[in-house]
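Before any comments, here is the structure.
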Amino acid sequence: GIPKKNIYSCPEQMPSYQMGCYVSVLEAGIKHELHPLMTIAKLRDISLHPDLGTKKISAFFEMDADEVINQSAKLKKLFDILEEVRRRKEKVLIFLVSKKMQLILKHLIYEKLGLKILNPVNGDINGIARQRIVDVFNASIGFNVLILSPEAAGVGFTITSANNVVHLSRTWNPAKEDQATDRVYRIGQKREVNVYLPMACHKDLGEGASFDEKLDELLSYKRKL
């Protein structure tokens, strides 16, 4: 009796600055100047934002919100999605692993949308505090956003007041991602659920060659397996 679940792949071409940062790390990896695992970690961060691994949080806070957003394919796509959800007066969960990016995103949502959101739900807060945040979010009316770590989201939370989910950064485990989505897609959900998968693409590397696209393909393969 649960309503329909719609899953949307949301590819977006990287802006030129992000493309340049991505290629420089890729070339360093090919030349064995970086350990393979370090290369993967850096490509993951750059796909989220090109300066995520090099600038402090305070530097992001000092920049204009539009400038930060327009340097990142995934953030550009995310804010398009948030504007769409706001027009529908619905709620959305954003799943994001990086605690640094969680705080940056909270700041950007306030600066860009004028929405003061609750603290991110992650491993830094205990279960009682997490549940209090979820209760306040569930009780809110109209458009709202909650940022969660997929690691902290598998603790039995029911957040059926939201019917939109964005996986801004993805874990390697599709079961963990599905469990995160199931915070909203469960008994008690009355509306169709929309799941958005923003992906940063690099036109010079060809279709399917970017970190996000390869991870999406890997997760799809694991699900079928």
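The values are calculated or read from the model by the stated rules, or taken from the named source; none is laboratory data. Remember, predicted model here, so these are calculated numbers, not experimental data. With ideal geometry, Cβ positions are generated from the backbone for all residues, glycine too; neighbour counts draw on all protein chains shown. In case anyone asks, the SASA skips ligands and DNA or RNA and just uses the protein heavy atoms, side chains included. Shrake-Rupley method; radii C 1.70, N 1.55, O 1.52, S 1.80 Å.
Conditions (1) among the charged types (D, E, K, R); (2) over 20 Å from SER9 (Cα atoms); (3) touching a strand residue (DSSP E or B) at 6+ places or on another chain (Cβ under 7 Å), marked per residue:
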position	(1), (2), (3)
GLU33	yes, yes, no
MET38	no, yes, no
ARG44	yes, no, no
SER47	no, no, yes
ALA59	no, yes, no
LEU78	no, no, yes
VAL85	no, no, yes
LYS91	yes, no, yes
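So, MET63, is that one modelled with pLDDT of 95 or more and under 23 Å from GLU213 (Cα atoms) or not?
On the way: modelled with pLDDT of 95 or more: yes; under 23 Å from GLU213 (Cα atoms): no.
No.
For (1) at pLDDT 95 or above; (2) assigned to a loop (DSSP other than H, G, I, E, B); (3) out of contact with any Cys (no Cβ under 8 Å at 6 or more places or on another chain); (4) loosely packed, with under 13 Cβ neighbours inside 10 Å, each residue gets a yes or a no:
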| position | (1), (2), (3), (4) |
| --- | --- |
| GLN131 | no, no, yes, no |
| THR171 | no, yes, yes, no |
| LYS203 | no, yes, yes, yes |
| GLU207 | no, yes, no, yes |
### Message
Looking only at residues that are of a type in the set (A, V, I, L, M) and more than 21 Å from THR171 (Cα to Cα) in the range 27-52, which one is most open to solvent (accessible area, probe 1.4 Å)?
### Response
ILE30
### Query
Does the range 154-163 include one or more residues that are part of a loop (DSSP other than H, G, I, E, B), modelled with pLDDT of 95 or more and at positive phi?
no
### Task
Name the single residue, out of those in the range 174-201 being within 21 Å of the chain's Cα centre (by Cα) and open to solvent by 70 Å² or more (accessible area, probe 1.4 Å), that is modelled with the lowest pLDDT.
GLN179
### Query
Taking the range 53-84 as the region of interest, how many residues are among the small types (Gly, Ala, Ser) and either touching a residue at least 40 places away in the same chain (Cβ under 8 Å) or open to solvent by 70 Å² or more (accessible area, probe 1.4 Å) (or both)?
3
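Considering only the range 202-219, state which residues are under 18 Å from the mean Cα position of the chain (by Cα) and touching a residue at least 40 places away in the same chain (Cβ under 8 Å).
SER210, PHE211, ASP212, GLU213, LEU215, ASP216, LEU218, LEU219
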### Query
Got a number for residues in the range 121-153 being in contact (Cβ under 8 Å) with a residue 40 or more places away in the chain and at negative phi?
12
### Query
open to solvent by less than 70 Å² (accessible area, probe 1.4 Å), under 27 Å from LYS4 (Cβ atoms) and either in contact with a helix residue (DSSP H, G or I) (Cβ under 8 Å, 6 or more places away or on another chain) or in a strand (DSSP E or B) (or both), is that true of PHE137?
no
## Note on the structure
Condition set β-branched (Val, Ile, Thr) and part of a helix (DSSP H, G or I), scope the range 1-50, selection farthest from VAL184 (Cα to Cα): answer is ILE30
### Task
Tell me, yes or no, whether the range 91-112 has at least one residue that is loosely packed, with under 14 Cβ neighbours inside 10 Å and assigned to a loop (DSSP other than H, G, I, E, B).
no
